[in-house]
1. Taking the stated definitions as given, is residue 137 open to solvent by 20 Å² or more (accessible area, probe 1.4 Å), in a helix (DSSP H, G or I) and not charged (D, E, K, R)?
2. Considering only the range 143-158, I want to know if a residue exists there that is free of Cβ contacts under 8 Å to residues at least 24 places away in the same chain, part of a loop (DSSP other than H, G, I, E, B) and open to solvent by 30 Å² or more (accessible area, probe 1.4 Å).
3. Would you mind finding the one in 32, 40 that is basic (Lys, Arg), surrounded by fewer than 24 Cβ atoms within 10 Å (Cβ to Cβ), at negative phi and at pLDDT below 95?
4. Tally up the residues in the range 387-404 that are more than 18 Å from residue 313 (Cβ to Cβ) and open to solvent by 10 Å² or more (accessible area, probe 1.4 Å), please.
5. Name the residues in the range 35-49 that are in contact (Cβ under 8 Å) with a residue 60 or more places away in the chain and either touching a Pro at 6+ places or on another chain (Cβ under 8 Å) or not hydroxyl-bearing (Ser, Thr, Tyr) (or both), would you?
6. Do any residues in the range 313-329 that are free of Cβ contacts under 8 Å to residues at least 60 places away in the same chain have Cβ atoms under 8 Å from those of residues that are open to solvent by less than 50 Å² (accessible area, probe 1.4 Å) and hydroxyl-bearing (Ser, Thr, Tyr), where the two are at least six apart or on different chains, and which pairs are they?
7. Looking only at residues in the range 366-386 that are open to solvent by less than 20 Å² (accessible area, probe 1.4 Å) and farther than 20 Å from residue 337 by Cα, which one is modelled with the highest pLDDT?
Amino acid sequence: MILVGELSLWVALLMAVWAATVSFAGGAMGRRDLVASGERAIYATLAMAVLASAGLWTAIFAHDFSIKYVASFTSANLPRAYLITAFWTGQAGSLLFWCLILSISSALALWANGTHNRSLMPYVTGTLAIVLVFVLAAMCLGANPYERLDWIPPEGQGMNPQLQSLGAAMHLPILYIGYAATTIPFAFAISALLMRRLDAEWLGAVRRWALVAWSFNTTAILLGMWRAYVEPEWGGYWVWEPLRNASLLLWLVNAAVLLSILVQEKRGKLGKWNVTFVPSHRRRFGGYVALTGIALIFLAFAGLAFRKQYDLVFRAGDAHALVDPLGHRWRFVSQGISTYDVLNRQVTAVLLDVSRDGKSAGVITSEKRQYVDSRGAPTSGPSTEPGIRSSFMEDVYVVLAGVRADDTTEIRVKFNPLVRWVWLGGALIAIGGLTAMWPPTEIAGT
């Protein structure tokens with residue numbers, strides 16, 4: 001299966017090149033046979049992408065460390081759930097995953113327009129094929145996920161600790177699905193420009209794709225913010241890096257496309273029919289919900305100005321009394337440290353018994369984690385898992401900063417006001433946006 005997957009990458013590249021060539025030629029010459037051949041080549045590219053993906057997953061689950069990608073991002077004791085996510089952990093794997101999602105999106109777009117927008121479809125198919133050509137060429141000629149090592153190591157290097165969490169496992173695929181879905185409206189726009197079609201019909205064809213892309217972009221941005229928040233090393237709601245910054249740009253682009261469609265709807269010019277739409281009260285309601293979400297996020301960000309931070313030293317049994325930004329009195333009592341092994345990591349944890357204004361608030365635990373391979377050798381530097389007690393008013397954010405030789409612990413306690421309102425505001429933006437931009441019920445007539 002691994003050899004089949006490697007060969008499938010090259011076949012997929014050839015199919016994508018063929019699809020781009022015959023689709024543009026068929027559109028220019030009015031040759032339906034060439035157009036049909038280009039669409040079949042897209043479906044073939046999808047089939048090859050599925051085989052290539054299956055081959056890489058087979059190598060990962062078989063712990064085939066002769067493949068550089070598998071040796072670089074997995075280890076023999078990596079939990080099975082993360083063997084799945086290892087597929088898109090590195091650059092080569094993420095390109096293959098993007099190719100898989102893009103080919104699925106392209107095939108769905110062709111299938112959904114099997115009888116509609118036929119004049120646009122040759123150039124839509126050609127544009128999607130060109131994008132696939134660039135992605136596949138980048139893998140076949142550069143970041144090949146099937147690249148072999150000159151010698152087979154006995155163990156892999158393991159996965160980055162920051163990627164071994166549920167949020168990280170969900171974030172990257174959602175982000176890439178948003179990227180792939182954005183390509184469909186782009187392909188229709190290119191086709192409309194080449195055909196000099198300035199009417200709004202093609203906007204109606206891509207409305208749902210733009211909405212899907214915008215929804216996944218929104219979800220990915222929220223997950224990215226959450227990941228940045230729970231990583232003590234990142235220290236905020238956002239990490240300024242190209243991948244996440246691109247998600248913001250695409251979010252704005254898809255929002256602009258959707259707003260353009262709404263404007264065209266008001267003019268009643270979608271398609272060749274005069275269309276009567278339902279009253280706009282749903283759309284106004286969705287707009288109000290989204291604006292409420294934006295206001296909540298700005299309010300939550302304003303709360304950052306009032307956060308407090310304490311750097312403390314504990315021995316087992318020591319207690320510290322602190323005051324949060326809201327004037328509540330907190331008491332933290334160390335229950336000591338514990339060390340144990342779990343799955344593929346060695347854990348040092350500190351437990352704090354917490355009370356607020358004299359009433360018990362439970363236990364908060366923060367950990368230092370050292371990830372190891374199946375032989376017990378470290379696969380990365382130590383990482384920190386914060387303990388978070390969340391409420392609508394504030395988060396109590398506890399970080400185990402270090403453990404001294406005499407078993408005293410260095411602990412950082414943060415009181416972050418209104419953090420939960422960031423996530424609530426983001427959810428309202430997503431719900432409001434979907435409500436406002438969902439295709440309306442329509443009654444067609446002449």
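The values are calculated or read from the model by the stated rules, or taken from the named source; none is laboratory data. Please read these numbers as outputs of a predicted model, since none were measured by experiment. Cβ sites come from the backbone with ideal geometry, for glycine too, and all protein chains shown count toward neighbours. When the accessible area is computed, the model is the full protein with side chains, heavy atoms only, and any ligands, DNA or RNA have been set aside. Shrake-Rupley method; radii C 1.70, N 1.55, O 1.52, S 1.80 Å.
1. Judged against the criteria, residue 137 is a match.
2. Yes, the range 143-158 contains at least one residue that is free of Cβ contacts under 8 Å to residues at least 24 places away in the same chain, part of a loop (DSSP other than H, G, I, E, B) and open to solvent by 30 Å² or more (accessible area, probe 1.4 Å).
3. Testing whether each residue is basic (Lys, Arg), surrounded by fewer than 24 Cβ atoms within 10 Å (Cβ to Cβ), at negative phi and at pLDDT below 95 leaves just 32.
4. Looking only at that region, the number is 6.
5. 35, 38, 39, 41, 42, 46
6. Filtered contacts from the range 313-329: 317/334; 318/334; 319/334.
7. 372
Residue by residue, here is whether (1) under 27 Å from residue 30 (Cα atoms); (2) assigned to a helix (DSSP H, G or I); (3) at pLDDT 95 or above holds:
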| position | (1), (2), (3) |
| --- | --- |
| 84 | no, yes, no |
| 98 | no, yes, no |
| 104 | yes, yes, yes |
| 115 | yes, no, no |
